[in-house]
Structures are given as C-alpha cells and as structure tokens.
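To start, the structure under review is shown below, and the notes come after it.
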Amino acid sequence: MKIVSVLVMLLTAFTASAQTYPTKPIRLVVGFAPGGAADIIARTMSEPLTRALGQGIIVDNKPGAGSSLAAEFVARAAPDGYTIMIASQSGMIVNPLINKSVAYDTQRDFAAITQVTSSPLVVAVNPSLPVSSIRELIAEAKKNPGKLNFATSGNGSLPHLATALFDALAGVEMVHIPYKSGGLSVQSVLAGDTQVTFATAPSVMPHVLTGKLRGLAVTTRGRSPLVEGLPGMEEAGLANYDVSIWYGFFAPKATPRDIVARLFEATTQALQDSRLKALLAPAGTEAVASQSPADFGAFLRRDADALARVIRETGVKFD
C-alpha cells in the first residue's frame, strides 16, 4: 500500500511540474563560439521563444571539438527542461560517426524536440584567390595540390564533411584548418589566413554581399531561393554533390515527455514569428519546424543512415 501511495505522489508531482513548466529561465547551449550560424540562430530565436514560454532564454556558448563538448555537457545535464541545445548534423550525426571517442550517443542520450532551420552551405573564397567559379576552384586546387587551405567550424563539423566530400568527388586535395566556430573560420578567410570555406549562409553571406568574400556556389544540387545569385553544384560543375545543413533543438534523454511537448509547442510557435523569419531570410536560412518530436526523431535516423552511406561510398577522409 505504501508503494502505491509513493507512486501516486510521484505521478502527481510530475504532472504538476509539467503543467507549471517553466518556472525559471532556460539555458540554450550553443556548441560554437559567438558569431557562427548556431549562435546567430539561437540569439535570433531567443526573443520569440521567451514570449512563447513566458521565461527568459540564456544563450550559453560552449565551443570545442566540433560541438562535441557542448553535446557531452547537455547529455549529462539534469533532464528537467532547463538545459537544452541547438545542434546540427555536425554534432548529432557526423561526430559520432567519425569519432568513436565521443562520450555520447544521439539516440541514447538525447530527446529530439524539433528541427528549427534549414539552409544550404555557401562556397566562398578570399577575393585574392584567382577563381570565380567552382570549375576554376577545382582547376586551381589541381594545379596546386595541398596548397589551398580551407577553414571550417571544427573537426567533424558539417562544413568539414562538405569540403571533404568536395575533395573526394572533384579529385583535389585542400588542407583543413579547423576553428572553434563558423564565425572564426570565416574571419580567417577574410584575413587571408585561409583561402576557401564551405560555410553556413548566416556567417558568410553578409561578407559576400559587401564584396569582402567571393561566393562561388551553394552546396545543394540546384539553386536555392534562400541564396540569390549563386548557382547550385550541378550547374557549377559537380553534378553528384548535394549538401544542406539543418539545426534543431535537443534535451537530455530522460526529460519528461510533457516538458518536451511544451518545448516543441513553444518552439513551433516561435518559428511562426514574422520578425524571426524576416531576420533569418536575408542570411539564407529558412525556419522549419518538425511535425512532432517523434517526426524529428525519425528524420534524424534517416539522415544518419544517409550520411553514413555517403561517408562509406565516397571514402571521405577526416584526417
């Protein structure tokens, strides 16, 4: 009888907690330094998300290891809905695939909440590099093997995978220079320390539009309505290439379903905000919500299978 009473008390407490959540600010962890796409999206979403939840959003940058350090931190956090993470397939899929030493497993350690954005990457170069197209970049890289440096937001990041895939399909060899965020990698290309980047649209397009960088193409097969004026990879000369990046929200695995549902509802509400869409669109990013947490979880499994197949079939190297 005492066991039954305890179970009833616990169930009552859980229900009350889920109904009143949230009662304090929520930490939104970003796995990169300020200035990159994940940070820009998190900060852009914080105001409409605050309105939807009735509590403040604290953006907490924890850069390192292609967002793996942040993922490990969130995986160990209390599963109470007050620590969540914005992440892309870099941290949730690519890193666990290529780095067996990471201390987390996406399916085991995280509750998927919802996708929040989708966008192509943009291939951009320092204007001093004498190329104005993908075909010319391939020719330049073949003429100077191992001499062109490409900057990314870290080992195992999607930009790293995207450039490694480009090297494999184009038959070229560029040198990888990893940074702690997309913003820092783009700054290195602006400074001329590196020559090439496959970067997220929010971190690179403002510099392309002002002429500080030269945009060559988007990484999707065809042109993207999100990034005007740049060809897709098929038109640019690499027909079998097709890469895009998404971001989503995640919570520790044991987070109660009612709290995950509340976060999902609030996030989808925030994504409908016209001001949010207006801020994301010029940076080549589209607000995209999943149908449900379960739908996002199924999407993750499909994407993981597809990326694993690409890595296996192309022989992409991450050294």
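The values are calculated or read from the model by the stated rules, or taken from the named source; none is laboratory data. Remember, predicted model here, so these are calculated numbers, not experimental data. Counting neighbours? That spans all protein chains shown, and the Cβs are built from the backbone with ideal geometry, glycine included. With ligands, DNA and RNA removed, areas are computed over all heavy atoms of the protein, side chains included. Shrake-Rupley method; radii C 1.70, N 1.55, O 1.52, S 1.80 Å.
In the context of the full set of protein chains, the chain has a per residue accessible area of 43 Å² (1.4 Å probe).
Rounded to a whole number, what % of the accessible area of the chain do carbon and sulfur atoms account for, probe 1.4 Å?
The value for the chain is 54 percent carbon and sulfur by accessible area.
Divide the volume of the convex hull around the Cα atoms of the stretch 131-213 by the residue count and you get 84 Å³ per residue.
Our compactness index for the stretch 176-283, the C-alpha radius of gyration over the empirical 2.2 N^0.38 Å, is 1.33. Taking the charge dipole of the chain about its Cα centre, with +1 at Lys and Arg Cβ atoms and -1 at Asp and Glu Cβ atoms, the residue from Phe198, Ala112, Ser132 reaching farthest to the positive side is Ala112. Each of Ala191 and Leu209 was given a label point 7 Å from its Cα along the Cα-to-Cβ line. The distance between the two points is 2.5 nm. Note on the stretch 88-201: antiparallel DSSP beta bridges, both residues inside, total approximately 45 percent of the bridges counted.
In a simple Cβ point-charge model (Lys, Arg +1; Asp, Glu -1; nothing else charged), the chain has a dipole of about 420 debye relative to its Cα centre. Note on Rg and Dmax of the Cα atoms in Å: of the candidates (i) 22.0, 65; (ii) 20.5, 80; (iii) 32.3, 107, the value calculated from this structure sits at (ii). When the alpha-carbon atoms of the stretch 72-138 are used, the pair Rg, Dmax equals 17.8, 53 angstrom.
Each of Asn149 and Ser118 was given a label point 7 Å from its Cα along the Cα-to-Cβ line. The distance between the two points is 3.6 nm. The fraction of all Cα pairs in the stretch 54-208 landing in successive 10 Å bins from 0 to the largest distance is 10, 37, 31, 16, 5, 1, given as whole percents. Once the Kirkwood radius over Cα pairs is known for the stretch 229-289, the Stokes-Einstein relation at 20 °C and 1.002 mPa s delivers a diffusion coefficient of 147 µm²/s. Scanning residues 5 or more positions from Asn149 or on other chains, those with amide H under 5 Å from its amide H are Val175, Gln195, Val196, with H placed 1.01 Å from N in the peptide plane. Each label point is 7 Å from the Cα along the Cα-to-Cβ direction; what then is the distance between the points at Ala308 and Gln272, in nm? Each label point lies 7 Å from its Cα, and together they span 3.7 nm.
Percent relative contact order of the chain, based on C-alpha pairs within less than 8 angstrom and at least six residues apart?
26 percent
Bridges between two residues of the chain, per DSSP, are antiparallel at a rate of about 60%. Measuring between alpha carbons in the structure, the pairs from Lys212/Lys277; Lys100/Lys253; Lys62/Lys277 lying more than 23 angstrom apart are Lys212/Lys277; Lys62/Lys277.
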